[in-house]
Every structure is written in structure tokens, then in C-alpha cells.
Amino acid sequence: MPELPEVEAARRAVEDNCIGKKIKKAIIADDSKVIYGVSRSEFEASLLGKTIVAARRKGKNMWLELDSPPFPSFQFGMAGAIYIKGVAVTKYKRSAVNDENEWPSKYSKFFIELEDGLELSFTDKRRFARVRLLNDPTSVPPISELGPDALLEPMTLEELTASLPKKKTEIKALLLDQSFISGIGNWVADEVLYQARIHPRQVASSLSKENCSTLCKCIKEVIQYAVELDADSSRFPHEWLFHFRWGKKPGKINGKKIDFITAGGRTTAFVPELQKLSGSQDVKEAGKPKRRASKKNKGEDDDDDNDNDDAEEPAKEEKKAGSLKSRKGTKGGGSKGRKQSKKNKSKESDDDENAEDDENRAAAEDDDEEEEEAEKKKPNQVTKSKQAKGEKKSNKRVQTSQNGKNAKRKVK
């Protein structure tokens, strides 16, 4: 999915081409899954005649600041992308749609035409993005719950060194946790850990001071360099793991073997010869990547109850469940307004869970697609093997769905 470098490239393209221009036409898709919490007619009416004064970003989220609120906000999800007609904008490799023969694309969810004729479209062919209309995007989820931005608010070595001893989760899972640091996704995490020579499943609290120093340096370097190149992967250094990690293809980097495991709930590329697991941690490195495990199975401490990768709305189930229980135990009040408040919060919780379930499922499917691409390139692949794989995927989807339902029951 689009990560900080790709979203920043989109933000800069908007900043370079759209600032100071008035919106004269708006077309919002009739898609309530992506267009979140507002009708298309209300959304369109709120944009017409407004001037774009800035393009903002935090983590993997972007929003357009207009001359007056509300502002359109974009959570890119698995395959969200910004297109500006006639302008080259870097896309995540799985986000691209055909905008040459069809404009705007049939996957367009948000389309505006500016006073000078320039046209902008936000597309999402997989429908896991969220487009919202918000008075202050920074004051509400998902942006309000994000940790410091990996580019704009990089952690200092002192901050990172002080925080890691409290984290009992795997280091890759921690890097993917948007409430810890925002903007890092699957490929950036793999690249950072490879450059830092740290095993993806090393427990964060076990990292040495030297490891912390190298990790801090590599986060800054990878993010800044990718952003400087407008996320154009063809210009990334040839020695980066990025060029070898897709599709789980067996291969080598600088003569050293690349292996694939599951870490942080995602398919993970690493180089065992350089990224060694230290200590007595028992790590199972074989087997097919699984769907994201529930928090109970991840082994985090209480500080890490938002261990999300690309589910850009950090989980709220446990916190909301706790607050509901405490309110049930209080006496007095009992007003209709309070009951209505509980009902609304319950609905919001359900909406957040549905969005997170969708995104977790999509992330796992994205990993499955990488595997399928690799399988297609094997000349001796037999039909039975594909059949068995299909059955396994089906069973995993059923299990994921059941886990989601169980989580919802607990919240309610």
C-alpha cells in the first residue's frame, strides 16, 4: 500500500500545481464505503467555489486545506492514488489505474476541476481507502491517533532509546504501529531493518544502544532519500532490498540470500546472513504468512495495544470496551442523552472495527497476491498445489471473519 514516500509525492504534486486555485467542479463517487460519513451531494456542495490554500500530510494520510472548512481528507488504504491530468505523480506499484484511455478513471472516488482547467482525481480500485469531509482533520481519528510523522517529526536517538525498553513486541511490528511512529509501512520497514542489520522479529526491548542508534539513523535516511526521489523506485539505490523483495522471489542481494518470513503480521523480506536474531527468542521462520493475528496472539505489552501496520485507523476496541464497562458501573444520571451517547459510541466502534477488518484482510490478501505472482513464474507448478493453496486461503478468510465477529461481541 502507499506509504509515506508515495503519499508525500502526491502531496507535493498537489502543492506544486493546485495551490491558490478555485474549485469550479466536483464529482464525488456514490460509494459509501470509501466516501465516509457524508453524502455525495453534501460533499460536492462543500467544495464548489472554495480555493485550495495548502496540501497537508501526516503519516499515510493527506488532506486539502481550503480557504474555509470543511476539508477533504484522504486515507490512502491499500491502493489509493492521486492523479493530476497532465502531471506525473508517483504511484505505489499496486495503485496505478489506466488514466490514459479513460478520464477520470472508473475507479475515481473524488474528482475536482479547478478554475484554470486543471483536473485532479483520487482513485481507489480496491475500495479500502477512506475519503472524509472534516472541519479539522488533525483533531479526529485516524490522524489524531497517529504517532510522530517519520519525516516531519523524526524521533531523536534519545526518544527512541528511551521508548524501546518498554516495548516487548517484535521490532517490525513496532515500526508498523502507526501510533508509535506514522508513515512506515511494509516495504519501508523491511528496508530500514535491512540497512540497520536488525532481524525483523527481534524483540524491540532487547535492542542494544548501538542497534538503537543505527535504527534511528536508517529510519531517517531511508525516508528522506525516498522522499527526495519523489518515491520513484527506479531511482532507488541498486543495493536497496526494495528491488528484490516483491513476489517472494528467491534471490540474492550483494551475493547474500534473501529469505521471507512473517513478521508484524506481514510478509517480510530479510537477509539472514546480515540480520541475525540475538538472544534466546524462539522464532519459527518457515511456513506461509498467516492472516494478522489478534492482539492476544502478538505478545505485546500494554504499551503496544495499537500494533497496526497499514490499518491506518489504530484499534480502539479494548479502550472503548473498558470505558463502556466503567460507565455501566456508575450510579446516577441514567439520562436518555447518556444512553444515546453510548449507542453512538457503539456504532462508531462498529464502523472502526469494520474499517480495520477490511484493511487487515486486504493487507493479508496483498501478501497472498505477491505469493501468487511468484507461483505463476514456477514452470512445474501443478494444479493440485494451486487447489490446496486456494482451500487454505478460503479457510483463513473464514477464520479472519470469525475472529472479527468475536472481537465485536466483546466490545459490545
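The values are calculated or read from the model by the stated rules, or taken from the named source; none is laboratory data. Please read these numbers as outputs of a predicted model, since none were measured by experiment. When we count neighbours, we look across all protein chains shown, and the Cβ atoms used for this are built from the backbone with ideal geometry, even at glycine. Keep in mind that these areas ignore ligands, DNA and RNA; they rest on the heavy atoms of the full protein, side chains included. Shrake-Rupley method; radii C 1.70, N 1.55, O 1.52, S 1.80 Å.
Taking the numbered list (1) surrounded by fewer than 19 Cβ atoms within 10 Å (Cβ to Cβ); (2) in contact with a helix residue (DSSP H, G or I) (Cβ under 9 Å, 6 or more places away or on another chain) in turn, Glu210 passes all entries but (2). Look at the stretch 9-32: where a residue is on the phi > 0 side of the Ramachandran plot and surrounded by fewer than 18 Cβ atoms within 10 Å (Cβ to Cβ) and a partner is in a strand (DSSP E or B) and of a type in the set (A, V, I, L, M, F, W, C), sitting 6+ places away or on another chain with Cβ atoms under 9 Å, you get Gly20/Ile52; Gly20/Val53.
In the set Gly264, Gly251, Gly255, only one residue is in contact with a helix residue (DSSP H, G or I) (Cβ under 8 Å, 6 or more places away or on another chain) and either open to solvent by 20 Å² or more (accessible area, probe 1.4 Å) or charged (D, E, K, R) (or both); that residue is Gly251. Can you say whether Ser182 is among the small types (Gly, Ala, Ser) and buried (at least 24 other Cβ atoms within 10 Å of the Cβ), as far as the supplied structure shows? Against the criterion (among the small types (Gly, Ala, Ser) and buried (at least 24 other Cβ atoms within 10 Å of the Cβ)), Ser182 qualifies. Does any residue of the stretch 43-60 turn out to be under 15 Å from the mean Cα position of the chain (by Cα) and not basic (Lys, Arg)? Yes; the residues of the stretch 43-60 include at least one that is under 15 Å from the mean Cα position of the chain (by Cα) and not basic (Lys, Arg). What do you reckon, is Gly77 of a type in the set (Gly, Ala, Ser), crowded, with 20+ Cβ neighbours inside 10 Å and at positive phi? When the stated conditions are applied, Gly77 passes them.
For the stretch 213-233, a tally of residues being within 22 Å of Lys256 (Cα to Cα), open to solvent by 40 Å² or more (accessible area, probe 1.4 Å) and of a type outside the set (Gly, Ala, Ser) returns 1.
Under the condition of being polar (S, T, N, Q) and open to solvent by less than 10 Å² (accessible area, probe 1.4 Å), which residue from the stretch 156-179 is farthest from Gly59 (Cα to Cα)? Ranking the candidates gives Thr169 first.
Of Lys249, Lys167, Lys257, all but one fail to be free of Cβ contacts under 8 Å to residues at least 40 places away in the same chain and either over 30 Å from Ala13 (Cβ atoms) or in contact with an Asp or Glu (Cβ under 8 Å, 6 or more places away or on another chain) (or both); the exception is Lys257.
Looking for something under 21 Å from the mean Cα position of the chain (by Cα), under 18 Å from Arg11 (Cα atoms) and surrounded by fewer than 17 Cβ atoms within 10 Å (Cβ to Cβ) - is there at least one such residue anywhere in the stretch 124-132? No: zero hits.
When His199 is tested against the conditions (1) open to solvent by 10 Å² or more (accessible area, probe 1.4 Å); (2) in contact with a strand residue (DSSP E or B) (Cβ under 9 Å, 6 or more places away or on another chain), the lone failure is (1).
Residues checked against (1) in contact (Cβ under 8 Å) with a residue 40 or more places away in the chain; (2) under 16 Å from Gly59 (Cα atoms); (3) basic (Lys, Arg):
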| position | (1), (2), (3) |
| --- | --- |
| Pro154 | yes, yes, no |
| Ser182 | yes, yes, no |
| Asn186 | yes, yes, no |
| Tyr194 | yes, no, no |
| Gln202 | yes, no, no |
| Phe236 | no, no, no |
| Glu239 | no, no, no |
| Phe244 | no, no, no |
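Checked against (1) more than 16 Å from Thr90 (Cβ to Cβ); (2) under 19 Å from the mean Cα position of the chain (by Cα); (3) crowded, with 18+ Cβ neighbours inside 10 Å; (4) of a type in the set (A, V, I, L, M, F, W, C), Trp246 passes all but a single condition, namely (3).
Looking only at the stretch 61-76, residues that are under 15 Å from Pro142 (Cβ atoms) and either modelled with pLDDT under 95 or more than 19 Å from the chain's Cα centre (by Cα) (or both) come to 1 in all. Annotation for the stretch 106-122: at least one member residue is farther than 23 Å from Ala55 by Cβ and either touching a strand residue (DSSP E or B) at 6+ places or on another chain (Cβ under 9 Å) or surrounded by fewer than 18 Cβ atoms within 10 Å (Cβ to Cβ) (or both).
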